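Participant: Before I ask anything, here is the structure I am working with.
The values are calculated or read from the model by the stated rules, or taken from the named source; none is laboratory data. Just so we're clear, the structure is a prediction, and the values are computed from it rather than from any experiment. Here Cβ is always computed from backbone atoms with ideal geometry, including for glycine, and neighbour counts include all displayed protein chains.
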Amino acid sequence: MEFFSTNNWFYAWILIPLMIFFARVTDVSIGTVRIILVSKGKKKIAAFLGFIEVSIWLLAISQVMQHINNIACFLAYGLGFGTGNIVGIIIEEKIALGLQAVQFITRNTLDFLPMTLRDGGFGATVIKATGAKGEVNIIISVVPRKDVKKIIELARQVDPSVFVSLQDIRSINSGYFPLRDPLFSWRRIIKKK
C-alpha cells in the first residue's frame, strides 16, 4: 500500500491531479447541461443532475484542500473547469434539447420558399412585411433544435441571400407540427434496411 501513500511522487503529482481534473470536467459538464435544462423548465432532471454535480465537486475540492501545497492540484482544478465548459457545450449540442423558432426574411415575395419548407416536412407561417427596400416575406417555423441546420440548408437552396434569425422556445401550446417518427420507431428501423 506504499503506492497510495502521500509520500509517493506519482500519487501526489500525477494521480491526484488527474482525478481532480476529470472530476472537474465531469461536474462542470453536468452543470452546463443542468443550467440549460433549468432554462427549458426541466425541474426534476435538473435537480437530479445538480445533486450529482455538487457531490463530484465536493470530492474534487476536498482533494485540492488535502493537497493545498501541491500546485499541480490547483492547475488540474482550473484546467478541469475550463475543459468541462467546452465538454458540456458539446454534449448539449449533441443532445439538442428543445425547440427553436427559425425566422427567414426574404425579399422574394413569392410563396416558393414556404412551399419548399412545407414539402421538406416543416411548418411555415408567412407574414407579409415591408423592409427598407420594399416588400418582404417573414417565414416562421418552429422546429426541434436537431433540425435547425437542415431547415436552414433547405431555405438557402431556394434563396441563398435569405436572412435567418433563431430564437429559443421554452414551451408551446398548440399549432401545426408535421408528424415525425419517434426516435425509436419500427418505421425508422425498416427504412434503414
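Participant: Looking only at residues that are without any contact (Cβ under 8 Å) to a residue 40 or more places away in the chain and among the acidic types (Asp, Glu) in region 89-111, which one is surrounded by the fewest Cβ atoms within 10 Å (Cβ to Cβ)?
Facilitator: GLU93
Participant: Exactly one of these conditions fails for ALA76: (1) closer than 29 Å to LEU99 by Cβ; (2) surrounded by 13 or more Cβ atoms within 10 Å (Cβ to Cβ). Give me its number.
Facilitator: (1)
Participant: One residue is enough: does region 5-18 have a residue meeting the conditions under 30 Å from PRO144 (Cα atoms), at pLDDT 95 or above and of a type outside the set (A, V, I, L, M)?
Facilitator: Checked against the condition, which is being under 30 Å from PRO144 (Cα atoms), at pLDDT 95 or above and of a type outside the set (A, V, I, L, M), region 5-18 yields no hits at all.
Participant: Next question. Go through region 21-62 and report how many residues are more than 14 Å from GLU92 (Cα to Cα) and hydroxyl-bearing (Ser, Thr, Tyr).
Facilitator: Residues that pass the stated criteria total 2.
Participant: Related question: So which residues in region 43-57 are touching an Asp or Glu at 6+ places or on another chain (Cβ under 9 Å) and either of a type in the set (A, V, I, L, M, F, W, C) or over 21 Å from ILE30 (Cβ atoms) (or both), if there are any at all?
Facilitator: Listed by number, the residues that qualify are ILE52, VAL54, ILE56, TRP57.
Participant: Still on this model: What single numbered condition from (1) of a type outside the set (Phe, Trp, Tyr); (2) free of Cβ contacts under 8 Å to residues at least 12 places away in the same chain; (3) more than 29 Å from PHE163 (Cα to Cα) fails to hold for ILE86?
Facilitator: Going through (1) of a type outside the set (Phe, Trp, Tyr); (2) free of Cβ contacts under 8 Å to residues at least 12 places away in the same chain; (3) more than 29 Å from PHE163 (Cα to Cα) one by one, ILE86 breaks only (3).
Participant: Quick one: which of LEU49, LEU79, LEU58 is within 16 Å of VAL33 (Cα to Cα) and of a type in the set (A, V, I, L, M, F, W, C)?
Facilitator: Exactly one residue qualifies, and that residue is LEU49.
Participant: ARG187 - would you say it is surrounded by fewer than 16 Cβ atoms within 10 Å (Cβ to Cβ), modelled with pLDDT of 90 or more and either within 24 Å of the chain's Cα centre (by Cα) or not assigned by TED's automatic domain parsing to the domain that holds ILE20 (or both)?
Facilitator: no
Participant: Now, a different point. Hydrophobic (A, V, I, L, M, F, W, C), in contact with a Lys or Arg (Cβ under 9 Å, 6 or more places away or on another chain), at pLDDT 95 or above and surrounded by fewer than 18 Cβ atoms within 10 Å (Cβ to Cβ), is that true of ALA47?
Facilitator: Yes; evaluated as a whole, the condition is true for this residue.
Participant: Right, something else. Just a yes or no: is a residue in region 117-137 loosely packed, with under 13 Cβ neighbours inside 10 Å, out of contact with any Leu (no Cβ under 8 Å at 6 or more places or on another chain) and among the polar types (S, T, N, Q)?
Facilitator: Yes.
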